[in-house]
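These notes are about the structure you will find just below.
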Amino acid sequence: MAETLKKVLIIGYGNPGRLDDGLGPMFAEEMGKLQLEGVTVDSNYQLAVEDSAAIAEHDFVVFVDADVSGPEPFHFQRVVPKHHMSFSSHSISADALMAMAEDLLSSTADAYMLGIRGYEFNEFGEGISSHAEKNLHAALAFLKQALVDRNFAKYVNR
């Protein structure tokens, strides 16, 4: 009997109207074009409590966001569920969202953050800087490879 393919949710978030802050949604758009089996891709300006329902339906979740000061071209790390004393219904952190999915929906999904290094955030405009675009392509190649075996833990601290 063939092993069931583990389901992966990719959530790219950020503001495409703030230059490199749009890296997450741009990443999601490119991954969505691939239409990979067992991979669901979503995109938004920010994470929201409603995302916990989608998380609970998957084995893995990869949050993708622009990173203002992280390593180049990107970093990949595990997201550990963490309860926060407060949150807004309009925005929630990845670790708080994972805690909510566990507590309320019995989610067992493993979560990871793919932070893509960006450089230009302080002005309005669509599109990303040329250096951020190179980082985006490196991150896309990385996650495509990680999706092959879906053993994301071995890629942590990349």
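General observations
- Our estimate of slack between Asp42 and Glu133, defined as 0.36 nm per intervening residue step minus the Cα-Cα distance, is 30.8 nm.
- Peptides 33-44, 65-76 ordered by average Cβ neighbours within 10 Å, highest first: 65-76, 33-44
- Bridges between two residues of the chain, per DSSP, are antiparallel at a rate of about 25%.
- Amide H contacts under 5 Å for Gly14, placed H, 5+ residues apart: Asn44, Tyr45, Gln46
- Taking all C-alpha pairs of the range 8-155, those more than 21 Å from each other amount to 40 percent.
- By the helix-only formula, in which each DSSP H run with n ≥ 4 contributes -39500 (n - 2.57) and the sum is divided by residues, the chain has a 222 nm mean residue ellipticity of -10000 deg cm²/dmol.
- Dipole magnitude (debye, nearest 20) for the chain, charges at Cβ of Lys, Arg, Asp, Glu: 440
- Most positive-pole-ward Cα, Ala146, Leu47, Ala28, against dipole of the chain from beta carbon charges: Ala146
- Cβ-based net charge around Ile11, under 12 Å, with every Lys or Arg adding one and every Asp or Glu removing one: -4
- Table column - 3J(HN,Hα) (Hz), the range 95-108, Karplus curve with 6.51, -1.76, 1.60, x for Gly and Pro: 5, 5, 5, 5, 4, 5, 4, 5, 5, 8, 10, 6, 5, 10
- Using the Karplus relation 6.51 cos²θ - 1.76 cosθ + 1.60 with θ = phi - 60°, the per-residue 3J(HN,Hα) values for the range 59-64 come to 8, 9, 9, 10, 8, 10 Hz, with x marking Gly and Pro.
Coordinate-derived values only; no laboratory data. Keep in mind the model is a prediction, meaning the values are calculated, not measured. Positions of Cβ are backbone-derived with ideal geometry, glycine not excepted, and every protein chain shown enters the neighbour counts.
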